[in-house]
Amino acid sequence: MAKTKNYITPNGFAALRKEADHLHRIERPKVVETVAWAAGNGDRSENGDYIYGKRRLREIDRRLRYLAQRMDAAEVVEPPKNPKKVVFGTSVTIETEEGSEKTYQIVGEDEIDVDGNKISWKSPMAKALLGRQVDDEVQVKLPKKEIWLTIIAIT
């Protein structure tokens, strides 16, 4: 299976590492301790602490494997200091057809945050914005409609 590139910002990579570290050093040892205690209480078939603890361990281990794969495939991309064009990692302020303004940061798939206005570089909007400059009008093809945006600022 070929690995696909996992472009990510330095902050995004740090967040993945922080989550993996938290699961490995804090969460997993607590659950292991609970499972060991529950196993010592006798019959495991009706022991809720044991059953749910083992399930939680599998979830943690699955998540740790996933995070390890994402970090192995990661290509950390440092955002440029003074961008002239929209590239990975930059923040783009756009104006919609209705006149409202919104700022989005173009980030990796593991960093998507709708509430924080962080969009994946693979999204239709990011694909339309990449490579464009200030004052460019951009057509974004969404599943049900097309919209026009104007780039106001790139930071």
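A few notes on this one:
- Projecting label points 7 angstrom from Cα along Cα→Cβ for Lys102 and Ala39 puts them 5.0 nm apart.
- Figure legend: label point modelled 7 angstrom from the Cα of Asp115 along Cα→Cβ; residues of segment 5-42 with amide N under 19 Å from it are 12, 15-16, 19.
- Amide H contacts of Lys118 (H built 1.01 Å from N, under 5 Å, at least 5 apart or other chain): Gln105, Asp113
- Point-charge dipole on Cβ atoms (K/R +1, D/E -1) for segment 1-81, about Cα centre, debye to 20: 260 debye
- Ranked by solvent-accessible area (1.4 Å probe, protein heavy atoms only, all chains present), the residues Trp121, Trp148 order from largest to smallest as Trp148, Trp121.
- Per residue, the accessible area of segment 1-125 comes to 67 Å² when a 1.4 Å probe rolls over the protein heavy atoms.
- 3J(HN,Hα) couplings calculated from phi for segment 11-16 with the Karplus curve 6.51 cos²θ - 1.76 cosθ + 1.60 (θ = phi - 60°) are, in sequence order, 5, x, 5, 4, 5, 4 Hz; Gly and Pro show x.
- Projected label points at Ala153 and Thr93, each 7 Å from Cα along the beta carbon direction, are separated by 0.3 nanometres.
- Sequence-separation-based contact order of segment 1-154, relative, with Cα cut under 8 Å and 6+ spacing, percent: 23 percent
- Taking Cα centre as origin and charging only the Cβ of basic (Lys, Arg, +1) and acidic (Asp, Glu, -1) residues, the dipole magnitude of segment 1-47 rounds to 420 debye.
- Taking all pairs of distinct alpha-carbon atoms in the chain, Kirkwood radius in angstrom: 18.4 Å
- Amide hydrogen neighbours beyond the local backbone of Arg132, cut-off 5 Å, H modeled: Val86
- Computed [θ] at 222 nm, helices only, for the chain once each DSSP H run of length n ≥ 4 contributes -39500 (n - 2.57): -12000 deg cm²/dmol
- Residue among Asn11, Gly89, Ala36 farthest towards the positive dipole end of segment 1-90, charges placed on Cβ: Gly89
- Cross-link pairs beyond the 25 Å C-alpha cut-off, checked among Lys102/Lys141; Lys102/Lys144; Lys5/Lys81; Lys18/Lys127; Lys81/Lys122; Lys5/Lys127: Lys18/Lys127
- Reach of Lys54 by Cα under 19 Å, taken over lysines that are not fewer than 8 positions away in the same chain: Lys30
- In Hz, Karplus ³J(HN,Hα) per residue of segment 126-132 (6.51, -1.76, 1.60; θ = phi - 60°; x = Gly, Pro): 5, 4, 6, 7, 4, x, 8
The values are calculated or read from the model by the stated rules, or taken from the named source; none is laboratory data. All figures in this text were calculated on a predicted structure; none of them were measured in a lab. With ideal geometry, Cβ positions are generated from the backbone for all residues, glycine too; neighbour counts draw on all protein chains shown. Please note that ligands, DNA and RNA were not included when accessible areas were found on the heavy atoms of the full protein model with its side chains. Shrake-Rupley method; radii C 1.70, N 1.55, O 1.52, S 1.80 Å.
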